[in-house]
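Peer 1: Shown below is the structure under consideration.
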């Protein structure tokens, strides 16, 4: 049964946009490292099941697994932990807004380290506009108010979300350089990447956290949603969009994440969203769209007429963050 791309588009926006809310629910009971480990473990299991159903095998070779380990560290392990710690400190709505800086960090890192990515005026303007949006969020008397009322510190939580966004940007550039043309399918790379993140977080979680007590049903549901959907099924949806409508349109789903995060935060957590947060989020999205436009147009041109669309130059703003590697051939046809 073929699902219309519009339905997949909306599903992906809802899944990744709601992840911030599920994180806040999960850290009410679980420690942040446990939340990060749980979501990658469930996500890895989901992707491995999908891989088996497709008749494909995990990647092989030390070199590939070395790159997948680095990708899992910066695409999943570190940012997932940072977002979980941030969930104890800032509202889910604000996390969603700040996480929209991911495309900005990706472009900034790409033009810095990749000779092929030239720092054009358009990209520079987009970066400047986007980071002005970040400053707008932090500006005004609201900072003092939040810093005085939110547990754990407004600044600490906000910087953690920005740190997670920077990790996504770094990982995107790294995988473009190391895993492009690896010959493995999207699901193979995703399963390997998330499995590596699971192994890394398993060691840290065992060493630095205590065994959780009773876990309420709402937390179990939140973890299943974060893992099976946000770190598993969502990857398949995103790849289907890339193949069906191309990277230019597929990456616009990035700009719906803050909208979903804000709406869910207000509805279910009574988050207080200020005018400067909303305006700052809009400025960030505008800057990211401007900075991405050149890369997306090039990617769309390069994939015209191809049977399999290549991933965009920048990943979506959340959650499992599909690897930016472009497979040249499939292990087996999906």
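The values are calculated or read from the model by the stated rules, or taken from the named source; none is laboratory data. Note that the structure is predicted; figures quoted are calculated from it, not measured. Neighbour counts are summed over all protein chains in view; Cβ atoms, including those assigned to glycine, are modelled from backbone coordinates with ideal geometry.
Peer 1: Identify the single condition in (1) crowded, with 24+ Cβ neighbours inside 10 Å; (2) modelled with pLDDT under 90 that residue 150 does not satisfy, given that it satisfies every other one.
Peer 2: The one condition residue 150 does not meet is (1).
Peer 1: Can you tell me which residue in the stretch 281-294 is farthest from residue 255 (Cα to Cα), limited to those that are at pLDDT 85 or above and surrounded by fewer than 24 Cβ atoms within 10 Å (Cβ to Cβ)?
Peer 2: Looking at the filtered set, the residue picked out is 283.
Peer 1: Taking the options 267, 224, name whichever one is without any contact (Cβ under 8 Å) to a residue 24 or more places away in the chain, over 14 Å from the mean Cα position of the chain (by Cα) and either crowded, with 16+ Cβ neighbours inside 10 Å or at negative phi (or both).
Peer 2: On inspection, the qualifying residue turns out to be 267.
Residues checked against (1) modelled with pLDDT under 95; (2) surrounded by fewer than 24 Cβ atoms within 10 Å (Cβ to Cβ):
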{"position": "11", "(1), (2)": "yes, yes"}
{"position": "27", "(1), (2)": "no, yes"}
{"position": "36", "(1), (2)": "no, no"}
{"position": "45", "(1), (2)": "no, yes"}
{"position": "54", "(1), (2)": "yes, yes"}
{"position": "61", "(1), (2)": "yes, yes"}
{"position": "75", "(1), (2)": "yes, no"}
{"position": "91", "(1), (2)": "yes, no"}
{"position": "95", "(1), (2)": "yes, no"}
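Peer 1: Further question on the same structure: Looking at 304, 217, which one is surrounded by fewer than 16 Cβ atoms within 10 Å (Cβ to Cβ) and at pLDDT 90 or above?
Peer 2: Criteria check complete, one pass: 217.
Peer 1: Scan (1) over 15 Å from the mean Cα position of the chain (by Cα); (2) in a helix (DSSP H, G or I); (3) touching a residue at least 40 places away in the same chain (Cβ under 8 Å) for the single condition residue 6 breaks and write down its number.
Peer 2: Of everything listed in (1) over 15 Å from the mean Cα position of the chain (by Cα); (2) in a helix (DSSP H, G or I); (3) touching a residue at least 40 places away in the same chain (Cβ under 8 Å), residue 6 misses just condition (3).
Peer 1: Hey, another quick one. Return yes or no: is residue 13 closer than 16 Å to residue 81 by Cα and touching a residue at least 60 places away in the same chain (Cβ under 8 Å)?
Peer 2: no
Peer 1: Same structure again: Would you check if residue 41 is closer than 18 Å to residue 221 by Cα and surrounded by fewer than 24 Cβ atoms within 10 Å (Cβ to Cβ)?
Peer 2: yes
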